[in-house]
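The values are calculated or read from the model by the stated rules, or taken from the named source; none is laboratory data. Please read these numbers as outputs of a predicted model, since none were measured by experiment. Heads up, the Cβs are rebuilt from the backbone with ideal geometry, glycines too, and the neighbour counts pull from every protein chain shown. The accessibility values were calculated without ligands, DNA or RNA, using every heavy atom of the protein model including side chains. Shrake-Rupley method; radii C 1.70, N 1.55, O 1.52, S 1.80 Å.
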Amino acid sequence: MTAAERNNPVTTGTAGNGHGGGGGGPKVLVVQHEDGTGPGLVGEQLIRSGLDPRVHHPWAGERLPDSLAGYAGLLVLGGAPNCDDEKTAPWIPAVRALMREAVADGVPQLGVCLGGQILARALGGRVVVRPRGPEVGAVALRRLPAADGDPVFGRVPDGAPAAQWHWDEISELPEAAVPLFTGDDCVHQAFRVGERTWGVQFHPEVLGDAIAEWSLSDGPAVRAAGGDPEAAVASVRTAEPRLREIWETMARSWAEVVHTYAAR
């Protein structure tokens, strides 16, 4: 087990057609795109809220469900592939189909980083390689008016720190998307589609240990692009108390949406 996996405890233990640990509550399908990128803080809060996250590892050969039948929520995590790179990640079309199904049927879903990018592309948005190089480290978010009253992001304050680690970014949101948060160096940080779909560009699930793990493999590329991976890790570690407070609250809010949907 890697250090990043230890920070993402929901990645171990089998339960049904995926790896889970939430017991008998409403099931949430979790798509993990690569080793060391599990649901972390978000997964912990889903379990504590009485949900049953079922983590699927398509990168390891596990087949994704054909539909969301039997699931009360969909969580799509981050990863290194581009959202259109079906050669490196041949399961991406299946993820797109599940995300479109969730939108069409009103199933609560949350796309994180790559997951948010797949969601945006699946609904008609545009994703590009960042011309300025990767955005890494703890970055302050800027609240937009539509965040007021949002059931998941309504309690996230202006200036909230968010852990970033991405080379691609959403350059155009889908027509139906409502922007919730922006940033000084990345315009589309959080958005909502309909009543129960959210996408984010950042990583609400990670703390400093996970970013440090990623920097071991990605640090040279970050440095070559003019970034400072050590400073990025340090900034996330410094921000950890606020990161935990804010994004655990957000995760619990999303869990409430899932519970409400499951009880309908």
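Just the residues that are β-branched (Val, Ile, Thr) and surrounded by fewer than 18 Cβ atoms within 10 Å (Cβ to Cβ), please, taken from region 70-103.
Scanning region 70-103 gives a single hit, THR88.
Has region 194-201 got any residue that is out of contact with any strand residue (DSSP E or B) (no Cβ under 6 Å at 6 or more places or on another chain), open to solvent by 30 Å² or more (accessible area, probe 1.4 Å), within 30 Å of ALA176 (Cα to Cα) and among the small types (Gly, Ala, Ser)?
yes
Out of GLY106, GLY149, I need the residue that is without any contact (Cβ under 8 Å) to a residue 24 or more places away in the chain, on the phi > 0 side of the Ramachandran plot and loosely packed, with under 14 Cβ neighbours inside 10 Å. Which one?
Numbers: GLY106 fails: without any contact (Cβ under 8 Å) to a residue 24 or more places away in the chain.
Residue meeting the stated conditions: GLY149.
Of all residues in region 7-33, which are assigned to a loop (DSSP other than H, G, I, E, B) and modelled with pLDDT under 95?
Residues satisfying the conditions are ASN7, ASN8, THR12, GLY13, GLY16, ASN17, GLY21, GLY22, GLY23, GLY24.
Which one of the conditions (1) open to solvent by 10 Å² or more (accessible area, probe 1.4 Å); (2) in contact with a Ser or Thr (Cβ under 7 Å, 6 or more places away or on another chain) does SER67 fail to meet, given that it meets all the rest?
The one condition SER67 does not meet is (2).
Looking at this structure, is ALA97 part of a helix (DSSP H, G or I), closer than 18 Å to VAL127 by Cβ and of a type in the set (Gly, Ala, Ser)?
The answer is yes for ALA97.
This table checks each residue for (1) farther than 25 Å from PRO108 by Cα; (2) among the hydrophobic types (A, V, I, L, M, F, W, C); (3) without any contact (Cβ under 8 Å) to a residue 12 or more places away in the chain; (4) in contact with a helix residue (DSSP H, G or I) (Cβ under 8 Å, 6 or more places away or on another chain).
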position	(1), (2), (3), (4)
VAL193	no, yes, no, yes
THR197	no, no, no, yes
VAL233	yes, yes, no, yes
ARG252	no, no, no, yes
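Going by the conditions given, is ALA4 surrounded by fewer than 24 Cβ atoms within 10 Å (Cβ to Cβ) and at pLDDT 95 or above?
When the stated conditions are applied, ALA4 does not pass them.
Among the listed residues GLY50, GLY115, which satisfies the condition of being touching a residue at least 60 places away in the same chain (Cβ under 8 Å), under 30 Å from PRO229 (Cα atoms), open to solvent by less than 40 Å² (accessible area, probe 1.4 Å) and among the small types (Gly, Ala, Ser)?
Just a single option satisfies the conditions, and that option is GLY115.
Residue check, GLU248 against (1) under 14 Å from the mean Cα position of the chain (by Cα); (2) of a type in the set (D, E, K, R); (3) under 15 Å from PRO108 (Cα atoms), all met but one. Which one?
It fails just one condition, (3).
Which of the residues spanning region 118-129 are in contact (Cβ under 8 Å) with a residue 40 or more places away in the chain and either outside any strand (DSSP E or B) or at positive phi (or both)?
Once the filter is applied, which keeps residues that are in contact (Cβ under 8 Å) with a residue 40 or more places away in the chain and either outside any strand (DSSP E or B) or at positive phi (or both), region 118-129 yields ILE118, LEU119, ALA120, LEU123, GLY124, GLY125.
Quick grid of which residues meet (1) at pLDDT below 95; (2) among the aliphatic types (A, V, I, L, M); (3) under 26 Å from GLY38 (Cβ atoms):
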position: ALA177; (1), (2), (3): no, yes, no
position: PHE181; (1), (2), (3): no, no, yes
position: GLN189; (1), (2), (3): no, no, yes
position: VAL193; (1), (2), (3): no, yes, yes
position: VAL200; (1), (2), (3): no, yes, yes
position: PRO204; (1), (2), (3): no, no, yes
position: LEU207; (1), (2), (3): no, yes, yes
position: ALA212; (1), (2), (3): no, yes, yes
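Specify which of the listed residues (ARG242, ARG237) is open to solvent by 50 Å² or more (accessible area, probe 1.4 Å), in contact (Cβ under 8 Å) with a residue 40 or more places away in the chain, closer than 25 Å to GLY159 by Cα and within 21 Å of the chain's Cα centre (by Cα). Let's see the steps before the verdict.
On the way: ARG237 fails: in contact (Cβ under 8 Å) with a residue 40 or more places away in the chain.
Every option except ARG242 fails the conditions.
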